[in-house]
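Taking it in order: structure first as structure tokens, then the write-up.
Bear in mind these aren't lab numbers, they're just calculated from the coordinates by the rules spelled out. Quick caveat: nothing in here was measured; it's all calculated off a predicted structure. In this analysis, Cβ positions are derived from the backbone assuming ideal geometry, glycine residues included, and neighbour counts consider all displayed protein chains.
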Ligand SMILES: Cc1cc2nc3c(=O)[nH]c(=O)nc-3n(C[C@H](O)[C@H](O)[C@H](O)COP(=O)(O)O)c2cc1C
């Protein structure tokens, strides 16, 4: 598949068929993730791939608990919408997110992207240097994984709400306590719906050419 087409149609997929995902497919996506850039090429991530039904069910329970808590806040503060279209999109995302929370335990595969808690802010005589957060060195890998999955016809969604229960997740998978954060939890499977281009602001609406405020309506 053409790279631009894969990128344009990689969007959050939260409803999956029962068809399994093979270990070979997962490894192809993980190999693509390995090629992502990272600060100083430190490649600071570890993956935990969950395909064992019992483990997935336990992760699913923790995810639902986390999402239940988050959803209470989300629904209490429904944003002001600029259009009916925006409202409909928000409602679709909320419903799909709820669906994932209720069904995560039975998706074909779950991949956890773990980030070690390592010091990442160098200092010199002038003080600490902001060279960017360590997170910036893991999300490119997550996106590589998701685009590679798309190219194989697999759907994914980048999720982070499970971080509410990080300690429980680390214990569940047997990872060293207190040594990692969860950068992302990504469900993987074949979508029940079709891939498409998600609605976004046009690139030109947020692009400044040479100087701030110098925008174009076409190129
Ligand atoms: C940092 C981050 C955290 C996210 N956390 C969650 C999550 O916990 N649960 C969830 O269902 N989706 C989560 N999402 C998915 C977003 O809702 C989704 O990317 C966004 O709505 C755009 O969806 P679309 O590409 O289908 O338009 C997260 C996305 C990002 C980038």
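Here are the numbers for this structure:
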{"item": "Ranked packing of 96-109, 148-161, most packed first, by mean Cβ within 10 Å", "result": "148-161, 96-109"}
{"item": "Potential lengthening between residue 87 and residue 2 on full extension [0.36 nm per residue; Cα-Cα distance subtracted]", "result": "27.3 nm"}
{"item": "Packing-based exposure ordering (other Cβ within 10 Å, fewest first) of 206, 169", "result": "206, 169"}
{"item": "Anisotropy class of the chain from Cα gyration tensor, a/c 1.5 cut", "result": "rounded"}
{"item": "Neighbour-count order for 195, 16, fewest beta carbons within 10 angstrom listed first", "result": "195, 16"}
{"item": "For the chain: relative contact order, % (alpha-carbon pairs under 8 angstrom, 6 or more apart)", "result": "36 percent"}
{"item": "Average Cα contact separation per residue, region 45-136, under 8 Å, 6 or more apart, as relative contact order %", "result": "48 percent"}
{"item": "Rounded if a/c under 1.5, otherwise prolate or oblate - region 1-99, Cα gyration tensor axes", "result": "prolate"}
{"item": "Likely footprinting exposure, 181, 218, 84, fewest C-beta neighbours within 10 Å first", "result": "218, 84, 181"}
